[in-house]
Each structure stands twice: as C-alpha cells, then as structure tokens.
Amino acid sequence: MELPKLTHGIDRLMEIARQRQAEAGDPKLGPAPRQCSCCKEYYPVDQFPRLPPTDLTKGAIDAVCAKCSQDYAKELKGMWRLLCGGCNEVVGIREPEKAKAGFAFEAGKSYHVAGCPICVSPPPKQSQILEMVMFYRARGIPYD
C-alpha cells in the first residue's frame, strides 16, 4: 500500500513560513516590501522615512515612501498621523478636524492607538485614540 503524498500541504506550510520570516525581516530573506499609501508602489522598508520618536513610539515608519514624502511635503505637513504604539506603524493620515466636545486633531501632530489590525488578532472593530481618552477624562466626559 502506497502512502498519499503530502507535498502540497508541506509546500503551503513552507510558503507561509517564508512569508512570516520575510515580514519579520529574516536576514536570509530580507524584509518584505511595503506598499506606499500614496502612490501604491512597493518599496523596501528603508525607502520609507521614520517619524520623530513620541512618548509612545520610537520613530514609527511612515506610510508614505520617501519620493511621495518629497513630492507632497506641503500637503503632508498639513495632515495629522495616527500611530500604533503596539507595532510602531503609521496606521492613518488625515486632514485636521474637530471632534466632539472640543478635541481637535491638529496638522503636523501624531496621535496614538494602543493596538491596530496590523498587530492585534483578531483585529479590533474600534480603537481608542489615547490622546482623546485623556482629553475627555480630564474634563469628565465619557468616551464612546
């Protein structure tokens, strides 16, 4: 009696392992390329600028590649960024806006969430922006 061949399953497991190693930056495979959220092209991680460190992140990797950062410097300067304290990633770039109860997202500033769909499994349906939580707590306003 001949045993069934399991090469297809093993090949799939090996492919998954290689992908995870690449995402983790295995020195044999190198880091996985990242997609620029502006031009949608893929570049090596070192082609993305690092943001200045904040109280919660240590120089998050921007979501916009170096070329787009230069080409759209004026526009990006007028935006605010949402950073994940869990994985040190930029998870959003938006225009300034006012939220309820007087909280304002200001141009050029960074705001933080504790976890995001990149680093939390299963992905959270909603994340609390830590600066908003602190703003509301300081004023005795419930955060929904």
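A short reminder: the numbers here are calculations on the coordinates, not readings from a lab. The structure displayed is predicted, hence computed values, not measured ones. Note that each Cβ is placed from the backbone with ideal geometry, even for glycine, and that neighbours are counted across all protein chains shown.
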Checklist entry - What ³J(HN,Hα) values, in whole Hz, does the Karplus curve 6.51 cos²θ - 1.76 cosθ + 1.60 give for segment 88-105 when θ = phi - 60°, with x put for Gly and Pro? => result 6, 10, 7, 10, x, 9, 9, 7, x, 7, 9, 9, 5, 6, x, 6, 10, 8
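Which FRET efficiency value, to the nearest 0.05, is calculated for Cys39 and Ile118 with the Förster distance at 30 angstrom and r the Cβ-Cβ distance?
Values: r = 20 Å, r/R0 = 0.67.
After rounding, the FRET efficiency stands at 0.90.
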Next on the checklist: Amide H of His112 versus every other amide H placed in the peptide plane: which residues, excluding those fewer than 5 positions away on the same chain, fall under 5 Å?
Outcome noted: Leu83, Leu130, Glu131
Checklist entry - With contacts defined as alpha carbon pairs under 8 Å and 6 or more residues apart, what's the relative contact order of segment 29-116 in percent? => result 22
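Gain in length, Arg139 to Ala107, computed as 0.36 nm per residue apart minus the alpha-carbon separation, to one decimal in nm?
9.2 nm
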Checklist entry - Residue-wise, which Karplus ³J(HN,Hα) couplings in Hz belong to segment 115-123, taking 6.51 cos²θ - 1.76 cosθ + 1.60, θ = phi - 60°, and x for glycine or proline? => result x, 9, x, 6, 10, 10, 10, x, x
Checklist outcome for this item: Using alpha carbon centers only, segment 56-90 is separated from segment 112-144 by a whole-angstrom value of 19
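Assuming R0 = 22 Å, can you tell me the calculated FRET efficiency for the pair Lys74 and Lys98, based on Cβ-Cβ distance, to the nearest 0.05?
Numbers: r = 22 Å, r/R0 = 1.01.
Approximately 0.50, to the nearest 0.05.
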